[in-house]
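The values are calculated or read from the model by the stated rules, or taken from the named source; none is laboratory data. Bear in mind the structure is a predicted one, so any value in this text is a computation, not a measurement. Here the Cβ is made from the backbone with ideal geometry for all residues, glycine too, and neighbour counts use every protein chain on show.
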Amino acid sequence: MTNEQYLVVSYFAAAGVGVLLAVLTALFLSAPLTRVLAGVARPLGTVFRRFLPSWLILAVLFSFFSVTYYDCQHDTYQKIVADRHYLVQKNFEQGADMTWYLAAALAAYGLVLGISLLGRGQARSPSGRG
């Protein structure tokens, strides 16, 4: 396999693995999320359940596209394709960035979910106690 073929295959494989990881994470969390949102009013619970997969996929794709192949020593396509070690290094960088963005997206989602559930709980009781 030439370096150019490796670049194309690894690029799309990395994107596919990242999206697959996001979908599997959403599927893994769907049952616990359904239990958490069981007592929440229908529109809010539906929005949170439907929003999770797309939120995670967007986070993975944003991180995937944030990795650039160009740097000081690799300023042309020919220089990028000529260095297989550099291509492998960029694949690892994309994988690491996708996992970090996925973790950050989960943390942000959990924070928004927690704040909204806390706000709904306080809105129900006039004294602010559950």
Study note, to complete from the structure: Taking region 10-44 and keeping residues in contact with a Leu (Cβ under 7 Å, 6 or more places away or on another chain) and among the hydroxyl-bearing types (Ser, Thr, Tyr) leaves SER10, THR25
Point to revise | Set ARG50, ARG35: member being within 19 Å of the chain's Cα centre (by Cα), of a type in the set (Lys, Arg) and either modelled with pLDDT under 90 or surrounded by fewer than 14 Cβ atoms within 10 Å (Cβ to Cβ) (or both) | key: ARG50
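Is it the case that some residue within region 72-89 is surrounded by 13 or more Cβ atoms within 10 Å (Cβ to Cβ) and free of Cβ contacts under 8 Å to residues at least 12 places away in the same chain?
Taking region 72-89 and keeping what is surrounded by 13 or more Cβ atoms within 10 Å (Cβ to Cβ), we get 74, 79-84, 86-87.
Next, from what is left, pick out any that are free of Cβ contacts under 8 Å to residues at least 12 places away in the same chain: 79.
Yes: one or more hits.
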Practice item. Kindly indicate the residue of region 117-130 that is out of contact with any Lys or Arg (no Cβ under 9 Å at 6 or more places or on another chain) and surrounded by 12 or more Cβ atoms within 10 Å (Cβ to Cβ) and also modelled with the lowest pLDDT among those meeting that condition. Key: GLY121
Practice item. Could you check, for region 93-116, whether at least one of its residues is touching a Gly at 6+ places or on another chain (Cβ under 6 Å) and either at pLDDT 90 or above or outside any helix (DSSP H, G or I) (or both)? Key: yes
**Study point:** Residues (at pLDDT 90 or above, farther than 17 Å from ALA103 by Cβ and polar (S, T, N, Q)) located in region 4-32
**Key:** GLN5, SER10
